[in-house]
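The values are calculated or read from the model by the stated rules, or taken from the named source; none is laboratory data. These numbers come from a predicted model, not from an experiment. For neighbour counting, all protein chains shown are included, and Cβ atoms are generated from backbone atoms with ideal geometry for every residue, glycine included. Side chains are part of the model used for accessible areas, which takes the heavy atoms of the whole protein and leaves out ligands, DNA and RNA. Shrake-Rupley method; radii C 1.70, N 1.55, O 1.52, S 1.80 Å.
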Amino acid sequence: ISGMYQKACKTSTAIFFLMKKGYTEDAYILLRSLLELTINIGWILEDERKDDCCPPVEVKEDDSDKEKNERCQQFIDAVEFSKFNQLGKMLKFKEKMLSQEKDEHKIKNLLEFIDILKERIEERKPTIIDLKKKYEVQLKKYRSNILPPISERAEKCELELEYIAPYWMASDFVH
């Protein structure tokens, strides 16, 4: 979480810098990233925030910490799963490039890069197989993703309004 907080601080600074320089579109892109980061932190921590009118809910500290640790691990696993999928996509792309390349020097470089990608994929395969078993239900429910959609995570940590307004506005503005 502290790493995510540091990233949020740096991203906020970058947003202010870009806005001062007139790079609004670039600042919006970072704003979306910052919003997603905020939602992910909120989802991982998901404190027991309730309306003031509700009586305090008694939660055992052990259970709360355990749930937060499980969500944190789920997030870390989702990042690992995403990296593995990206390696696979990159490998396919590089193999396609190789089939179209004529320059021998570029072919040599592509072959070296493809070997590195294959090595990294093989290193991660046991972990990914375990993750697929561990998150079988989520992978089916969330269409090959370990985490719930960002909109659902935003709702869970009571940030749905923060998600809807600026996220959609930024998406429309940028695209």
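So the values come out like this:
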{"item": "Complete set of residues in the range 2-51 that are of a type in the set (D, E, K, R) and not in a helix (DSSP H, G or I)", "result": "K21, E46, D47, E48, R49, K50, D51"}
{"item": "Candidate set: the range 133-157, residues that are touching a residue at least 24 places away in the same chain (Cβ under 8 Å) and open to solvent by 90 Å² or more (accessible area, probe 1.4 Å); chosen: the one nearest to the chain's Cα centre (by Cα)", "result": "K156"}
{"item": "Filter pass, E61 being at pLDDT below 85 and either acidic (D, E) or touching a Lys or Arg at 6+ places or on another chain (Cβ under 7 Å) (or both)", "result": "yes"}
{"item": "Subset of the range 158-168 [among the aliphatic types (A, V, I, L, M) and open to solvent by 90 Å² or more (accessible area, probe 1.4 Å)]", "result": "L161"}
